[in-house]
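What follows draws every value from the coordinates through simple rules; no lab data is involved. Note that the coordinates shown come from a computational prediction; the quantities given were computed from them, not determined experimentally. Virtual Cβ from ideal backbone geometry, glycine too; neighbours counted across all protein chains shown.
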Amino acid sequence: MRKVSFFSSEPLFFKCIYMLGFIGVFYVIYEIIFVEEELHSGLIFYLLVLFSFYNLRRFNVIQQHKKLQKIQKNK
């Protein structure tokens, strides 16, 4: 039986956003290593926003899960 994870339970839209953020990390690393500082695209700021969005959603899901477990435990 498969274990349900945070990523597998997310809607497709959010999965695409997370994958784009993950790919963007590699592009930012490429820019840092191979591109001169004056030519950087500023993509790192968008990645920070995407990962903060991811962490907020994950925190919200974890909190909801804990509340449900607490309610079920009290019954």
Can you give the local net charge around Lys66? Use residues other than it whose beta-carbon is closer than 14 angstrom to its beta-carbon, Lys and Arg +1, Asp and Glu -1. +4
Which of Phe59, Phe14, Phe34 moves most in a GNM of the chain, Cα contacts under 10 Å? Phe34
With unit charges on the beta carbon (Lys/Arg positive, Asp/Glu negative), name the residue among Ser9, Leu47, Leu20 whose Cα is farthest towards the positive pole of the charge dipole of the chain. Ser9
Rg ratio (alpha-carbon, reference 2.2 N^0.38 Å) - the chain: 1.54
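For the chain, what is the calculated [θ] at 222 nm in deg cm²/dmol (nearest 500), taking -39500 (n - 2.57) for each run of four or more DSSP H residues and dividing by its residue count?
Rounded to the nearest 500, the figure is -27000 deg cm²/dmol.
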What angle do you read, to the nearest 10 degrees and between 0 and 90, between the alpha-carbon axis of helix 43-74 and the longest principal axis of the chain? 10 degrees
Using only Cα atoms, tell me the angle between helix 12-34 and the longest principal axis of the chain; keep it within 0 to 90° and round to the nearest 10. 30 degrees
